[in-house]
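Colleague: Below is one structure. I have some questions about it.
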Amino acid sequence: MTPKTTKLRDAIVFALVVGATGIAGTGVAFAQDTPPAPAQPTAQEQATELDTIVVTGTRIESQTVTSSSPVTEIQEEAFQYAGASKVEELVNQYPQLAPTFDSFQNNGATGYATVNLRGLGAARTLTLVNGFRLPPGNFEVRDISIVPASVVKRVDILTGGASAVYGSDAISGVVNFILDNEFEGVSLSAGYSAYQHDNDNGYISGLIDDRGFERPSGDSGFGGISRNIDFAIGSSFADGAGHAMAYATWRKNDPLFQGDRDYSACALNGAGTACGGSATNATGNFYVYQLDADGEVVNGTSGGLLPDGSFDTAYGAPYNYAPINYYQRPDERYTFGSSLEYEINEHFTPYLQTMFVNKNSSIQVAESGVFFSLLADQDCANPIFGSLCSDLGQDPTLPVNIYVARRNIEGGPRRTDTENNTFRFVGGVKGALGDAWSYNAAYIYGSVSDDTQGFNDFINPRIEAAILGCQDDNTFDGCIPYQVFVPGGVTPEAAGALAGVSMDKTRTTLKSINAYVTGDTGFSMPWVDGDNVAVVVGTEWREETFDFTADAISQAGDFAGSGGASIPLSGKTNVSEIFMEAAVPLLNDVGFVNSLDMDLGYRLSDYTRSGQANTWKVGFNADMGMVNFRTSYNHAIRAPSIGDLFSSQQLALYTVADPCAGPTPELTPEQCLNTGVPLDAYGTVPQNPANQNNQFIGGNLELDPEVGDTFTAGIVLTPFENAQFNIDYYDIKITDTISTIGAGTIVQYCALSGDPFLCDKVQRNALSYDLFRGQEDTSGRVVNLTDNFGEIHTNGIDFGARYRWDMLGGRFNTSFNGTWKLDETITPLPGLNEDATFDCTGFINTNCRTHEWRHIASLNYSRDFYSVNLRWRYFGALDYADENGDLFGDKLLCGDASQGCLGDGELEATSYIDLSGSAYIGDFTEVTVGVNNVFDKEPPLVGANNATNGNAPGGYDQAGRYIFGSVSFKF
């Protein structure tokens, strides 16, 4: 048997086994595929004819069709040179996408990677693999963890609404992962990577030392280690009539803790001037008050437990919750997939594609505790309270009400472990219908199974019984007294009796039937010789289901650190659609115009919940030799998701400081009065040191689709051989956005305007007037339900360049992708309060984080058996001001020295330099090594209100140098 035959046999067997295993696991048949793409050009053709390689954004197969929408490409070698073993590690670095990296999000993370084009949200970016959808993840946006970086052929990033071609969600555009289904041979590779940092940040080290906290210093050594093994096999068969390919990958990365880096080893306060933390501390803090005969609050005061058992009349030191938090979350994933296609004859080619990922990941945050639980109507004479009443000036003849806050340092951190299994199957048949027409009919099925367990969180109904000594009339099985009023009185056993294990399950499915015909109509404009109109006509049916359930304790919202109840959610949406496209040649060889083509598209969608919606596109592409002009207008939609429609209304947290809280509120007494703070309570409203307050959120069955209109215009220049430059303008406006107003916006503009529509949504604690104390109905909160609120308008210019030349005995290749954001205007209250409108372009604050300029540039030199690659990633400066131009309290960013500011009014521009090299050893082995962030640049420090994870905004290199290496064997 020849080696080729052996590889063929192995590829077919492996592909069938992987496919059959997935089918057996779900009990479901096949799904749909992308239409056949045009033959790929040579490298030189790619550099001189951009339009011939664009396939994303149309189903028309004519070789004469050119694109009217801009598409940015990421080629497969870019993953190798960047050391990216996960697709999100590279794709989200490109300036067209928001720089969000799943593994460096922790508290509040979805737990999986997404793409967010133009910063308009992952839900408004349609994510495809080989031209077809992925199933919804457990937060309904698509999880790209299923995409294996090792077999990605390229990634297409298309700007602008594409709903006429692909349906709902493509408001900002499309990210399409093209896998190498034509792979030939055998490939086996293994990789290793880690982070390293020199802990020498003098500023935050001083703050940590001032508080007496521990911190790392010097060389961190290797941490956050990642390992991966990738295998692929493929071969054609039957004299090229068929092809089989299969892959399997494994990747595991270790956790990195915030305590492993000096700049994240303590949680900065809102101003960034000191190590902050939580009032739920390790020794115990209390807020006590009594009521007079008229029900008015008297004797309200804060208190903290001292080492001698007495109580101070102020809270004790905040708890430093940072070190134990994950900085990089751990995860382990296995992916399998296959592709099998066989042309029985030119009219009948069945195909099958399968994808599967098993992923285990964790989120870890600081310990649970008693988060200001209320002991109501207590007797000061109860010996459990010790000297609390007398030390804090309470009247011993009146009942006392006690809010208790104490960190569960005896029980360990809260950890959430998630196992995710995602399947996707695409199956169908395609073929020719005569000489000029073809068809493609396909079915797609995808499913997501997500199982989560949470550990070490307290159960609220047990807390009062344990604090009050497990009395007969108020206890639970296994109760052990939780002695928060005694220094050192809490034991690990008592803490363990209060904790429980939470469990929840999420199941989603995607089903779709798609069929279309495409071809040459035989008709052309009378003045266009030989170029006929090409069309696509098709239909699609799509159904998505979502089912979430949780344990009874979580459903009741009785886990202390959950922030609210986990309400079961189950629902289904489906849509029936018809669609068409047309490529219409308008001019051919007229003067300096080689060709002028018009691109048309239309889709009629009928949703079971929100009714009918129309989407359409019109575009033009003019080829004038070395200049190519393109422009398009797209009308797109995003239909409401199951969560948008069906999610239960419940209490949850939001992270924005209450501007009317604390001894020196940001707002005036009169403004705070609008939000529900009486004038005589001004300056006494408690502030949550963690800047977390309550909001009341939930779905809405009356939602309509949101609408996006996109205009693009650009030119592609090919001034000489092997050179290409492009400039593209985009303008996207979204109306009737499916969103919430935003709890912070509601409070702010209620205060500024007194508008009853907003102020009725601010519901403060009836006793202390804060927005975070209490449980459910008694809690302070901001009502922030989903509706068709708001408008978003963004525009900008993309710049691209590629050039290659021969020199120094080898070949140089250079590329550049940059985006200049001109405008990102958010209008949360259109027609109600235009003062709430703000532009985020070039600003960082609690509402904004939008760089005016970002780019990624690379230079590659290849010669003989080796190559060297240099990259430059750039983030522009961000001004520090709110939507009204006023400075917030982040002293690290603001620039007014008279106000104690330490910065110069902006977050400075940041550059990262990456270097890698690869070399062949013999005929079959390639070794790659590299360092990203060569100069170990730290992420910029900001105060708590502007931090995403640690003390830094998201998107920057978080953990220092990234050192990677891999070895690949290809046969």
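The values are calculated or read from the model by the stated rules, or taken from the named source; none is laboratory data. Please read all numbers here as calculations on a predicted model, not as lab measurements. Neighbour counts are summed over all protein chains in view; Cβ atoms, including those assigned to glycine, are modelled from backbone coordinates with ideal geometry.
Colleague: Which of (1) farther than 30 Å from VAL927 by Cα; (2) without any contact (Cβ under 8 Å) to a residue 60 or more places away in the chain does ALA241 not meet, given it meets every other one?
Modeller: (2)
Colleague: Still on this structure: Any idea which residue in the range 630-673 is nearest to ASN107 (Cα to Cα), counting only those that are touching a Phe, Trp or Tyr at 6+ places or on another chain (Cβ under 7 Å), among the aliphatic types (A, V, I, L, M) and not in a loop (DSSP other than H, G, I, E, B)?
Modeller: Step by step, filter the range 630-673, then rank; the result is LEU651.
Colleague: Restricting to the range 441-491, name every residue that is over 18 Å from ALA560 (Cβ atoms), in contact with a Ser or Thr (Cβ under 8 Å, 6 or more places away or on another chain) and not small (Gly, Ala, Ser).
Modeller: Scanning the range 441-491 gives TYR443, ILE444, TYR445, VAL448, ASP450, ASP451, PRO487.
Colleague: State all residues of the range 725-773 that are hydroxyl-bearing (Ser, Thr, Tyr) and not in a strand (DSSP E or B); if no residue qualifies, say none. Walk me through how you get there before you give the answer.
Modeller: Here is the first cut: in the range 725-773, the ones hydroxyl-bearing (Ser, Thr, Tyr) are 729-730, 735, 737, 739-740, 745, 749, 753, 768-769.
Passing the criteria: THR737, THR740, THR745, TYR749, SER753, SER768, TYR769.
Colleague: What are the residues in the range 341-390 that are more than 27 Å from GLU410 (Cα to Cα), surrounded by 15 or more Cβ atoms within 10 Å (Cβ to Cβ) and of a type outside the set (S, T, N, Q), if any?
Modeller: Once the filter is applied, which keeps residues that are more than 27 Å from GLU410 (Cα to Cα), surrounded by 15 or more Cβ atoms within 10 Å (Cβ to Cβ) and of a type outside the set (S, T, N, Q), the range 341-390 yields GLU341, TYR342, GLU343, PRO350, TYR351, LEU352, MET355, PHE356, VAL357, LYS359, CYS380.
Colleague: Also, I was wondering about something else. When the residues of the range 437-475 are filtered to those that are crowded, with 22+ Cβ neighbours inside 10 Å and among the acidic types (Asp, Glu), which remaining residue is nearest to ALA366 (Cα to Cα)?
Modeller: In this case the residue turns out to be ASP457.
Colleague: Condition check: under 42 Å from the mean Cα position of the chain (by Cα), of a type outside the set (D, E, K, R), closer than 24 Å to PRO413 by Cβ and exposed (fewer than 15 other Cβ atoms within 10 Å of the Cβ). Does GLY478 satisfy that?
Modeller: Numbers: under 42 Å from the mean Cα position of the chain (by Cα): yes; of a type outside the set (D, E, K, R): yes; closer than 24 Å to PRO413 by Cβ: yes; exposed (fewer than 15 other Cβ atoms within 10 Å of the Cβ): yes.
So GLY478 fits the description; yes.
Colleague: What number goes with the only condition from (1) crowded, with 18+ Cβ neighbours inside 10 Å; (2) among the hydroxyl-bearing types (Ser, Thr, Tyr); (3) in contact with an Asp or Glu (Cβ under 9 Å, 6 or more places away or on another chain) that TYR769 does not pass?
Modeller: Single failed check for TYR769: (3).
Colleague: Please verify whether THR301 is among the β-branched types (Val, Ile, Thr) and either assigned to a loop (DSSP other than H, G, I, E, B) or surrounded by 19 or more Cβ atoms within 10 Å (Cβ to Cβ) (or both), treating the condition exactly as stated. Spell out how you get there, then give the answer.
Modeller: Working: among the β-branched types (Val, Ile, Thr): yes; either assigned to a loop (DSSP other than H, G, I, E, B) or surrounded by 19 or more Cβ atoms within 10 Å (Cβ to Cβ) (or both): no.
So THR301 does not fit the description; no.
Colleague: Right, ALA194: within 25 Å of GLU89 (Cβ to Cβ) and of a type outside the set (Val, Ile, Thr) or not? Reasoning before the result, please.
Modeller: Values: within 25 Å of GLU89 (Cβ to Cβ): yes; of a type outside the set (Val, Ile, Thr): yes.
Taking the combined requirement at face value, the residue satisfies it.
Colleague: Looking at the range 929-942, is at least one residue modelled with pLDDT of 95 or more, surrounded by fewer than 20 Cβ atoms within 10 Å (Cβ to Cβ), outside any loop (DSSP other than H, G, I, E, B) and among the aromatic types (Phe, Trp, Tyr)?
Modeller: no
Colleague: Follow-up. Only one of these is of a type outside the set (D, E, K, R), at pLDDT 95 or above and in contact with a helix residue (DSSP H, G or I) (Cβ under 6 Å, 6 or more places away or on another chain): ALA244, ALA190, ALA149, ALA170. Name it.
Modeller: Details: ALA190 fails: in contact with a helix residue (DSSP H, G or I) (Cβ under 6 Å, 6 or more places away or on another chain); ALA149 fails: at pLDDT 95 or above; ALA170 fails: at pLDDT 95 or above.
Being of a type outside the set (D, E, K, R), at pLDDT 95 or above and in contact with a helix residue (DSSP H, G or I) (Cβ under 6 Å, 6 or more places away or on another chain) holds for just one of ALA244, ALA190, ALA149, ALA170, which is ALA244.
Colleague: Just to be sure, is MET626 modelled with pLDDT of 90 or more, in contact with a Ser or Thr (Cβ under 6 Å, 6 or more places away or on another chain) and surrounded by fewer than 20 Cβ atoms within 10 Å (Cβ to Cβ)?
Modeller: Working: modelled with pLDDT of 90 or more: yes; in contact with a Ser or Thr (Cβ under 6 Å, 6 or more places away or on another chain): yes; surrounded by fewer than 20 Cβ atoms within 10 Å (Cβ to Cβ): yes.
So MET626 fits the description; yes.
Colleague: Would you be able to tell me the number of residues in the range 63-120 that are within 30 Å of LEU587 (Cβ to Cβ) and at pLDDT 85 or above?
Modeller: As a first pass, look at the range 63-120 and keep what is within 30 Å of LEU587 (Cβ to Cβ): 63-73.
If we keep only those that are at pLDDT 85 or above too, we end up with 70-73.
Number satisfying all stated conditions: 4.
Colleague: Then there's this: Is the range 709-724 home to any residue that is within 34 Å of the chain's Cα centre (by Cα) and assigned to a loop (DSSP other than H, G, I, E, B)? Steps first, please.
Modeller: So in the range 709-724, the residues within 34 Å of the chain's Cα centre (by Cα) come out as 709-716, 724.
Now drop any that are not assigned to a loop (DSSP other than H, G, I, E, B), which leaves none.
No: zero hits.
Colleague: Just give me the residues in the range 216-229 being within 27 Å of ASP331 (Cβ to Cβ) and assigned to a loop (DSSP other than H, G, I, E, B), in sequence order.
Modeller: Residues of the range 216-229 within 27 Å of ASP331 (Cβ to Cβ): 216, 219-229.
Answer for the range 216-229, where residues must be within 27 Å of ASP331 (Cβ to Cβ) and assigned to a loop (DSSP other than H, G, I, E, B): PRO216, SER220, GLY221, PHE222.
Colleague: Moving on. Residues of the range 610-645 being touching a helix residue (DSSP H, G or I) at 6+ places or on another chain (Cβ under 6 Å) and closer than 30 Å to SER570 by Cβ, which ones? Walk me through it before giving the result.
Modeller: Kept after step one, since they are touching a helix residue (DSSP H, G or I) at 6+ places or on another chain (Cβ under 6 Å), are these residues of the range 610-645: 615-617, 636-638.
Within the range 610-645, THR615, ALA636, ILE637, ARG638 meet the criteria.
Colleague: Read through the list (1) under 26 Å from CYS275 (Cα atoms); (2) free of Cβ contacts under 8 Å to residues at least 60 places away in the same chain; (3) over 33 Å from the mean Cα position of the chain (by Cα), then give the number of the only condition that VAL685 fails.
Modeller: The failed condition is (2).
Colleague: Regarding the range 639-652, can at least one residue be identified that is over 25 Å from the mean Cα position of the chain (by Cα) and of a type in the set (A, V, I, L, M)? Don't jump to the end; show me each part of the working.
Modeller: Taking the range 639-652 and keeping what is over 25 Å from the mean Cα position of the chain (by Cα), we get none.
No, the conditions are met nowhere in the range 639-652.
Colleague: Next question, about the same structure. Say we look at the range 805-846 and pick out the residues that are among the charged types (D, E, K, R) and in a strand (DSSP E or B); which of these is nearest to GLN93 (Cα to Cα)? Walk me through it before giving the result.
Modeller: Kept after step one, since they are among the charged types (D, E, K, R), are these residues of the range 805-846: 806, 811, 821, 823-824, 834-835, 839.
Of the ones still in play, those that are also in a strand (DSSP E or B) are 806, 811, 821, 823-824, 839.
Numbers: ASP806: 28, ARG811: 25, LYS821: 16, ASP823: 20, GLU824: 20, ASP839: 23 Å.
Of everything passing the filter in the range 805-846, LYS821 is nearest to GLN93 (Cα to Cα).
Colleague: Hey, another quick one. Out of all the residues in the range 364-415, which are assigned to a strand (DSSP E or B) and either out of contact with any strand residue (DSSP E or B) (no Cβ under 7 Å at 6 or more places or on another chain) or more than 17 Å from GLY284 (Cβ to Cβ) (or both)? Outline the logic, then answer.
Modeller: The first filter runs over the range 364-415 and keeps only residues assigned to a strand (DSSP E or B), leaving 364-367, 369-378, 400-407, 413-415.
If the condition is that a residue be assigned to a strand (DSSP E or B) and either out of contact with any strand residue (DSSP E or B) (no Cβ under 7 Å at 6 or more places or on another chain) or more than 17 Å from GLY284 (Cβ to Cβ) (or both), then GLN364, VAL365, ALA376, ASP377, PRO413, ARG414, ARG415 are the ones that fit.
Colleague: Of SER449, SER438, which residue is over 30 Å from ARG333 (Cβ atoms) and either part of a loop (DSSP other than H, G, I, E, B) or not basic (Lys, Arg) (or both)?
Modeller: Selected residue: SER438, the only one of SER449, SER438 that is over 30 Å from ARG333 (Cβ atoms) and either part of a loop (DSSP other than H, G, I, E, B) or not basic (Lys, Arg) (or both).
Colleague: Would you mention how many residues in the range 314-342 are under 29 Å from ASP230 (Cα atoms) and either touching a helix residue (DSSP H, G or I) at 6+ places or on another chain (Cβ under 8 Å) or not in a strand (DSSP E or B) (or both)? Give the derivation first.
Modeller: Filtering the range 314-342 for residues under 29 Å from ASP230 (Cα atoms) gives 326-342.
Right, trim to either touching a helix residue (DSSP H, G or I) at 6+ places or on another chain (Cβ under 8 Å) or not in a strand (DSSP E or B) (or both) and you get 326-331, 333, 335-340.
Counting residues in the range 314-342 that are under 29 Å from ASP230 (Cα atoms) and either touching a helix residue (DSSP H, G or I) at 6+ places or on another chain (Cβ under 8 Å) or not in a strand (DSSP E or B) (or both) gives 13.
Colleague: Further question: Where residues in the range 206-242 are farther than 30 Å from GLY272 by Cβ and among the β-branched types (Val, Ile, Thr), which of them is surrounded by the most Cβ atoms within 10 Å (Cβ to Cβ)? Show your work before the answer.
Modeller: We begin by selecting, within the range 206-242, every residue farther than 30 Å from GLY272 by Cβ; these are 225-242.
Remaining after also requiring among the β-branched types (Val, Ile, Thr): 225, 229, 233.
Values: ILE225: 14, ILE229: 16, ILE233: 25.
Ranking the candidates gives ILE233 first.
Colleague: Can you name the condition, by its number, that VAL429 falls short on among (1) farther than 29 Å from ALA766 by Cβ; (2) in contact with a helix residue (DSSP H, G or I) (Cβ under 8 Å, 6 or more places away or on another chain)?
Modeller: Going through the list (1) farther than 29 Å from ALA766 by Cβ; (2) in contact with a helix residue (DSSP H, G or I) (Cβ under 8 Å, 6 or more places away or on another chain), VAL429 breaks only (2).
Colleague: Do any strands (runs of 3 or more DSSP E) lying entirely in the range 91-205 carry at least 3 residues that are surrounded by fewer than 20 Cβ atoms within 10 Å (Cβ to Cβ) and in contact (Cβ under 8 Å) with a residue 24 or more places away in the chain, and which ones are they? Explain how you work it out, then say what you get.
Modeller: Working: elements: 125-129, 152-159, 173-179, 185-196.
Those strands (runs of 3 or more DSSP E) span 185-196.
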